[in-house]
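Here is the structure we will look at, set down as structure tokens.
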């Protein structure tokens, strides 16, 4: 099953994921529906991470918190299961990446709190509707993501660099790209940087820290948005005892429409 076959409802997509039929990158999947980054932490770390999200709304726009003892994001995706309905998960222990798994059922604990954070895949439909092509979709690969020298605002034990996603945009369309994405602050909003990658600490744009490299054509500029993979960089930096995240590019798809979070 390919990404193209998953232009369908979020409930169907989650069912395909839960059954193991499909586990790909979710860019372009269930267009028009909000996708979410995922961070799961033990209850004793949850307040500090909630404060971190509040202090860093660009990379960590909070959509929902699923309290300990529950696995259902009842506000954004009633009937779903956070342990099984994401195409891939990463597990970090004491700051070390230890595993990438398809399901969290074998390792789930009742003290875990789940955070759903807005994802820039959500505004890609509006971008393509505005005539701005998504190169990673054209190439059939994941978006490029980079660890930057932009520091987040610390909260408790959480601190570290911001991660950004990059999409090449024709110079004549950059203003339009800023206008379109500014309408979606809950899914990262306007870009944080345009142009020179070195200005934000990216030494080689052809070698992303997460995701896949994409082509930048003549007449285009790299445009960078804050990215919900930031908690993974924070996990590597701060070494919490346990943090579980989505695998980069493999998001949790909610039942909420992009328009539900758009501002005029």
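Read the figures in this text as sums done on the coordinates, not as results from a lab. Owing to the predicted nature of the structure, the values given are computational and were not obtained by experimental measurement. Neighbour counts run over all protein chains shown; Cβ positions are idealised from the backbone, glycine included.
Can you compute the FRET efficiency between residue 206 and residue 179 using 1/(1 + (r/R0)^6), with r the Cβ-Cβ distance and R0 = 30 Å? Round to the nearest 0.05.
Working: r = 29 Å, r/R0 = 0.96.
Result of the calculation: an efficiency of 0.55.
Hey, fewest Cβ within 10 Å first, where do 64, 72, 138 land in order?
On the way: 64 18, 72 15, 138 10.
Sorted ascending by nearby Cβ count, the order is 138, 72, 64.
By count of other Cβ within 10 Å, fewest leading, how are 184, 97, 49 ordered?
Values: 184 23, 97 14, 49 26.
Sorted ascending by nearby Cβ count, the order is 97, 184, 49.
For residue 67 and residue 8 in one chain, what is 0.36 nm times their gap in residues minus the Cα-Cα distance, to one decimal in nm? It would help to have the intermediate numbers written out before the result.
On the way: separation 59, 0.36 × 59 = 21.24 nm, distance 2.90 nm.
Taking residue 67 through residue 8 to full extension adds about 18.3 nm, to one decimal.
Out of all Cα-Cα pairs in the chain, roughly what percent, to the nearest whole number, are more than 25 Å apart? Don't jump to the answer; show the numbers that get you there.
Details: 13521 of 34716 pairs.
That tail contains 39 percent of the Cα-Cα pairs.
Work out the P(r) tail for region 1-151: percent of alpha carbon pairs separated by more than 23 Å, whole number. Spell out each step's value before the answer.
Working: 4552 of 11325 pairs.
So the pairs more than 23 Å apart make up 40 percent of the total in region 1-151.
Only Cα pairs under 8 Å and at least 6 apart count here; give the relative contact order of region 121-226 as a rounded whole percent. Intermediate results must be reported in sequence, preceding the final value.
Values: 177 pairs, mean separation 37.2, N = 106.
It comes to 35 percent, rounded to a whole number.
For region 73-190, I need the span (max minus min coordinate) of the C-alpha atoms along each principal axis, in Å, sorted largest to smallest.
Answer, in whole Å and largest first: 50, 35, 28 Å.
Using alpha carbon coordinates only, what is the Rg to Rh ratio of region 121-226, with Rh defined as the Kirkwood radius? Could you put the intermediate results ahead of the total?
On the way: Rg = 13.6 Å, Rh = 14.2 Å.
My calculation puts Rg/Rh at 0.96.
Residues in region 21-38, backbone N under 16 Å from the label point at residue 128 (7 Å along the Cα-to-beta-carbon vector): list them, ranges by number please.
24-35
On a full-extension model of 0.36 nm per residue, what is the gain between residue 196 and residue 107, subtracting their alpha-carbon distance, rounded to one decimal in nm?
On the way: separation 89, 0.36 × 89 = 32.04 nm, distance 4.22 nm.
Length gained, residue 196 through residue 107: 27.8 nm.
Tell me, 111, 258 in order of fewest to most beta-carbon neighbours within 10 Å? Can you show the working numbers first?
On the way: 111 12, 258 20.
In increasing order of surrounding Cβ atoms, one gets 111, 258.
Do the sum for the chain: with -39,500 (n - 2.57) for every DSSP H run of n ≥ 4, divided by all residues, what is the mean residue ellipticity at 222 nm, to the nearest 500 deg cm²/dmol? List each step's numbers first, then the result.
Values: 6 runs with 51 residues, N = 264.
That comes out to -5500 deg cm²/dmol.
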